[in-house]
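Asks: What follows is a structure written as structure tokens; I'll ask about it next.
The values are calculated or read from the model by the stated rules, or taken from the named source; none is laboratory data. Since the model is a prediction, treat every value here as computed from it, not as a measurement. Ligands, DNA and RNA are stripped out before the accessible areas are found, and what is left, the full protein with its side chains, is counted by its heavy atoms. Shrake-Rupley method; radii C 1.70, N 1.55, O 1.52, S 1.80 Å.
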Amino acid sequence: MFARPGENVSIKLIHIDEESMINKGDVITSRDSPMPVTTVIEADIKLFKLLDHKQVFTKGYTCVMHLHTIMVDCTVTELISLQVKEKASGQKEAKMWPKFIKSYTYCRVRIETTNPIAVEKYDSIPYFARFTLRDEGKTIAAGKILKYKPLNASPILKVILQGDVTAKISKVSKAEG
């Protein structure tokens, strides 16, 4: 069965008894190669204009990450590198382990989220690797995931990997305008 653009697809998951077991941001994936779940990522980000009362981006900076359909609180745990453009030559140079970063800068950071998230590397599936960082309702950065630290499998993930949960498409209907 398939769905065309504009059609809604309902999926019934066997062995998932309550709707509350499924949350926004959950991903249905192949049993053979499940999508990785993590709380620690390394990413390249482009900082935009920071907030007036928080004009530097430092280790320990807390904000909200928006990734595919979810939003999760996160903390910057490491500033790995900063790209600096030399005025004389115009070439970009990486400054390793900076103490802080200012607005309108490209950098590489390590971020830790409060809850596990399903992610992929930008090289594998770009859609699941792009994210934005927001603070007090304002977008302060956009980035892409380069690396992640896999999380140990949770009990629900173990059930899925063992094949106890299967999906059936129960209905396909036209989206209501």
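Asks: From the P(r) of the range 42-98, can you give the percent of Cα pairs sitting at distances over 16 Å? Don't skip to the end; give the middle numbers.
Replies: Working: 894 of 1596 pairs.
Within the range 42-98, distances greater than 16 Å cover 56 percent of Cα pairs.
Asks: Could I ask something else about it? Can you grab the distance from the C-alpha centre of the range 70-87 to the C-alpha centre of the range 88-112, Å, no decimals?
Replies: 8 Å
Asks: Semi-axes, largest first, in whole Å: what does sqrt of 5 times each Cα gyration tensor eigenvalue give for the range 1-121?
Replies: Details: eigenvalues 284, 55, 41 Å².
Those come to 38, 17, 14 Å.
Asks: Would you mind telling me the share, in percent, of accessible area of the range 6-99 contributed by carbon and sulfur at probe 1.4 angstrom?
Replies: Details: 3090 of 6140 Å².
That share works out to 50 percent.
Asks: Can you give me the accessible area per residue for the range 5-153, using a 1.4 Å probe, in Å²?
Replies: Details: 9410 Å² over 149 residues.
Ligands and nucleic acids excluded, the figure is 63 Å² per residue.
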